[in-house]
Amino acid sequence: LTAAKRPSVVWLHNAECTGCSEAILRTVKPFIDELILDTISLDYHETIMAAAGEAAEEALHKAVAAPDGFFLVVEGGIPMIENGAWGKVSGKTMLETTKELAPKAKGVICMGTCSCFGGVQKAKPNPSQAVSVKEATGVTTINIAGCPPNPINFVGAVVHVLTKGIPELDKDGRPNMFFGETVHDNCPRLKHFDASEFAPSFDSEEAKKGYCLYELGCKGPVTYNNCPKVLFNQTNWPVQAGHPCIGCSEPDFWDSMSPFYQQ
Ligand code: SF4
Ligand code: SF4
Ligand code: F3S
């Protein structure tokens, strides 16, 4: 993984909030500097690259034309309305650029629910007619779902792709090794669910004691993700912090999982 010639990675930003890039900046195994300086060559990333304007575009063209090829990471959904005209970078629509690069890439990783499934842009009434990368391009993607995803899952997928190829995926394109179990399966509050001990309100004594948040809206039983096992920032995750899981790694969760709170 630390070979002299590091694999080239191009990271596109489409319609999104940049929360997924913020998440990857907080990776600790390895730290972000080790990831982008020793493991991969992050040749284009609009948020963190030093270059701007024409120099940035030049870096993109060079990476895409390199004889060893490139891997594509996509953050954000793709607006389809008016042939993609609602989302442009450097004069080209997000639709045009993603459609051009995805079929050429050695592999396409979607970072976050926006690129995996359309995300918040696709929530009703979906004014920009946003869709996922797979829907927009027809290319099969490795979906690191979550809003945002855990950076550990992204790094794990990258390492797997580089060393062993594409990991085994579920029906929604998510690697089974990270998304094979529900949040509920590994939740520390599960013993209370099994004993029918539910917190009646967020500020109740039962909530403080760690009772199950199901009756307050928790979607952990129908959400596939490894949050309780890997934590965010090695510290915490929503349910441990007293917040119900809102199903952020599931397709169309903004519509299908709402209302997020029941009280
Ligand atoms: Fe932001 Fe969530 Fe979309 Fe990531 S998946 S870009 S965190 S809205
Ligand atoms: Fe399941 Fe949510 Fe209760 Fe945890 S808090 S046991 S994930 S329903
Ligand atoms: Fe998302 Fe639920 Fe984990 S909201 S971060 S999948 S606990």
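Out of the residues in the stretch 109-131 that are among the small types (Gly, Ala, Ser) and surrounded by 24 or more Cβ atoms within 10 Å (Cβ to Cβ), state the one that is nearest to the chain's Cα centre (by Cα).
Here the answer is Gly112.
With the condition kept exactly as written, say whether any residue in the stretch 140-147 is surrounded by fewer than 20 Cβ atoms within 10 Å (Cβ to Cβ) and under 15 Å from Asp172 (Cα atoms).
Yes; the residues of the stretch 140-147 include at least one that is surrounded by fewer than 20 Cβ atoms within 10 Å (Cβ to Cβ) and under 15 Å from Asp172 (Cα atoms).
Identify, please: which residue in the stretch 44-71 is touching a residue at least 12 places away in the same chain (Cβ under 8 Å) and among the charged types (D, E, K, R) and is, among those, surrounded by the fewest Cβ atoms within 10 Å (Cβ to Cβ)?
Across the stretch 44-71, the extreme among qualifying residues is Asp68.
Among (1) in contact (Cβ under 8 Å) with a residue 40 or more places away in the chain; (2) under 20 Å from Ala23 (Cβ atoms), which single condition is Asn236 missing?
(1) is the only condition that Asn236 fails.
Each row is one residue, and each column tells you yes or no for (1) part of a helix (DSSP H, G or I); (2) touching a residue at least 40 places away in the same chain (Cβ under 8 Å).
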residue	(1), (2)
Cys20	yes, yes
Ala23	yes, yes
Ile36	yes, no
Leu42	no, no
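Looking only at the stretch 190-217, how many residues end up being touching a residue at least 60 places away in the same chain (Cβ under 8 Å) and surrounded by 14 or more Cβ atoms within 10 Å (Cβ to Cβ)?
Summing the residues that are touching a residue at least 60 places away in the same chain (Cβ under 8 Å) and surrounded by 14 or more Cβ atoms within 10 Å (Cβ to Cβ) in the stretch 190-217 gives 1.
So for the stretch 154-170 (the condition being within 16 Å of ligand 3 (Cβ to nearest atom) and out of contact with any strand residue (DSSP E or B) (no Cβ under 8 Å at 6 or more places or on another chain)), does at least one residue qualify?
no
Based on what the data block shows, is Ile24 in contact with a Pro (Cβ under 8 Å, 6 or more places away or on another chain), open to solvent by less than 70 Å² (accessible area, probe 1.4 Å) and within 16 Å of ligand 3 (Cβ to nearest atom)? Let's see the steps before the verdict.
On the way: in contact with a Pro (Cβ under 8 Å, 6 or more places away or on another chain): yes; open to solvent by less than 70 Å² (accessible area, probe 1.4 Å): yes; within 16 Å of ligand 3 (Cβ to nearest atom): yes.
In short, yes.
Taking Val74 as the residue in question, decide whether it is surrounded by 12 or more Cβ atoms within 10 Å (Cβ to Cβ) and assigned to a strand (DSSP E or B).
For Val74, the condition - surrounded by 12 or more Cβ atoms within 10 Å (Cβ to Cβ) and assigned to a strand (DSSP E or B) - is met.
Inside the stretch 175-189, can you point out the residues that are open to solvent by less than 60 Å² (accessible area, probe 1.4 Å) and either farther than 15 Å from Lys229 by Cβ or more than 13 Å from ligand 3 (Cβ to nearest atom) (or both)?
Pro175, Asn176, Gly180
When you look at Thr98, is it surrounded by fewer than 20 Cβ atoms within 10 Å (Cβ to Cβ) and either modelled with pLDDT under 95 or on the phi < 0 side of the Ramachandran plot (or both), yes or no? Spell out the reasoning first.
Values: surrounded by fewer than 20 Cβ atoms within 10 Å (Cβ to Cβ): no; either modelled with pLDDT under 95 or on the phi < 0 side of the Ramachandran plot (or both): yes.
Taking the combined requirement at face value, the residue does not satisfy it.
Would you point out the residue of the stretch 27-43, among those that are open to solvent by 20 Å² or more (accessible area, probe 1.4 Å) and touching a helix residue (DSSP H, G or I) at 6+ places or on another chain (Cβ under 6 Å), that is farthest from Lys92 (Cα to Cα)?
Ile32
So for the stretch 81-89 (the condition being within 16 Å of ligand 3 (Cβ to nearest atom), open to solvent by less than 30 Å² (accessible area, probe 1.4 Å), small (Gly, Ala, Ser) and closer than 21 Å to Ser21 by Cβ), does at least one residue qualify?
no
Among the residues of the stretch 115-150, which ones are within 16 Å of ligand 3 (Cβ to nearest atom) and either at pLDDT below 95 or over 18 Å from His13 (Cβ atoms) (or both)?
Ala123, Asn150, listed by residue number.
Just to be sure I understand the filter: pairs with C-beta atoms under 6 Å, separated by 6 or more residues or on different chains, first member in the stretch 136-154 and closer than 17 Å to Pro251 by Cβ, second member within 16 Å of ligand 2 (Cβ to nearest atom). Which pairs pass?
Ala145/Ser249; Gly146/Cys248; Gly146/Ser249; Cys147/Cys248
Among the residues of the stretch 224-247, which ones are more than 13 Å from ligand 2 (Cβ to nearest atom) and part of a loop (DSSP other than H, G, I, E, B)? Spell out the reasoning first.
Looking only at the stretch 224-247, we keep the residues that are more than 13 Å from ligand 2 (Cβ to nearest atom), and these are 230-236.
Across the stretch 224-247, the qualifying residues are Leu231, Asn233, Gln234, Thr235.
The values are calculated or read from the model by the stated rules, or taken from the named source; none is laboratory data. Because the structure is a prediction, the values reported are computed rather than measured. With ideal geometry, Cβ positions are generated from the backbone for all residues, glycine too; neighbour counts draw on all protein chains shown. The protein model used for the area step is the full one, side chains on, heavy atoms only, and it has no ligands, DNA or RNA in it. Shrake-Rupley method; radii C 1.70, N 1.55, O 1.52, S 1.80 Å.
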